[in-house]
1. Compactness ratio of the chain: Cα Rg over 2.2 N^0.38 Å, N = residue count?
2. In nm, to one decimal, how far is the modelled label at residue 51 from the one at residue 36, with both set 7 Å along Cα→Cβ?
3. Could you work out how far apart the two model spin labels at residue 99 and residue 221 are, taking each label as a point 7 Å from the Cα in the direction of the beta carbon, and quote it in nm?
4. Greater than 22 Å separation of Cα atoms is the criterion. Which listed pairs, 161/203; 161/211; 93/203; 93/154; 152/219; 85/219, meet it?
5. Let me check against my output: what whole-number percent is the relative contact order of segment 1-146, with C-alpha pairs under 8 Å and at least 6 apart?
6. What is the distance in Å between the Cα centres of segment 106-168 and segment 40-103?
7. Short version: ³J(HN,Hα) in whole Hz for each residue of segment 121-132, in order, from phi by Karplus 6.51 cos²θ - 1.76 cosθ + 1.60 (θ = phi - 60°), x for Gly and Pro, what are they?
8. At a Förster distance of 30 Å, what's the computed FRET efficiency of residue 210 paired with residue 88, Cβ-Cβ distance as r, to 0.05?
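Every read-out reported here was derived from the displayed coordinates using simple, explicitly stated rules and does not represent laboratory data. Since this is a predicted model, take the numbers as computed values, not measurements. With ideal geometry, Cβ positions are generated from the backbone for all residues, glycine too; neighbour counts draw on all protein chains shown.
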Amino acid sequence: MKNNKYHQHQEKFQLERVVFFNDAVFAIAITLLIIDIKVPEFHELEISDKQLLYKLSSLIPKFIGFIISFFVIGLYWLAHHRMFKYVTSVNQKLLWANLLFLLPIIIMPFSTSFLSEFYFSNLKLPFAVYTINICLSGVFSFRLWKIISDPKNKVSEPIDKVIIKYNTTRALTIPIIFLLTFLFSFITFYYFIIPPLIPLTTKLITRHYFKKYPIEMNKHYNES
């Protein structure tokens, strides 16, 4: 009996360590996004509002990159939060999959900065790097869901198939949108209007599942 309680305590402790570590990584990554945006510097003794406004306008690409990445990281953090509420224990397979998922999250401040620096240029490489970063996040999130939901891995309580399908669909939605955006970048300069549609797209997916599976979806969100 004591051994069983000790084992349960250890499992809970290990799981809490993983969750706290994940939250710390997300918090640091999302904070680093804004650090790259510096307050405009002036070497003149006197400056005008017009000069200041001009300097601020040059930061618009950085703010666009910041807002997009802020919500992308935020969406993955929310997904990760919902994912780990089902986890009851951890093993090496889950730990490594979780580390791989965090890798592109950590890289995102760099890829965001790289993209923002050349936002209005005709260069494709910065957006390609950013798209790869987003795709890795989605693929690793998808893989995490598969590992957690597989009964063979014995790391979670049973998860409804509807919930698995819903979350794996959402995990791949953002990468698909960015891949389409990257392809559109070869056709039109206005391809940057597509990423802001991500929250709308994910909301439509959620609305569809709520309408089709209200019981399962309400349980999934109410327990989050």
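1. With N residues counted in the chain, Rg over 2.2 N^0.38 Å equals 1.21.
2. 2.8
3. 3.6
4. Violating the 22 Å Cα-Cα cut-off are 93/203; 152/219.
5. About 33 percent, as a whole number.
6. That distance is 14 Å.
7. 8, 8, 6, 9, 4, x, 6, 5, 4, 5, 5, 4
8. After rounding to 0.05, the efficiency reads 0.70.
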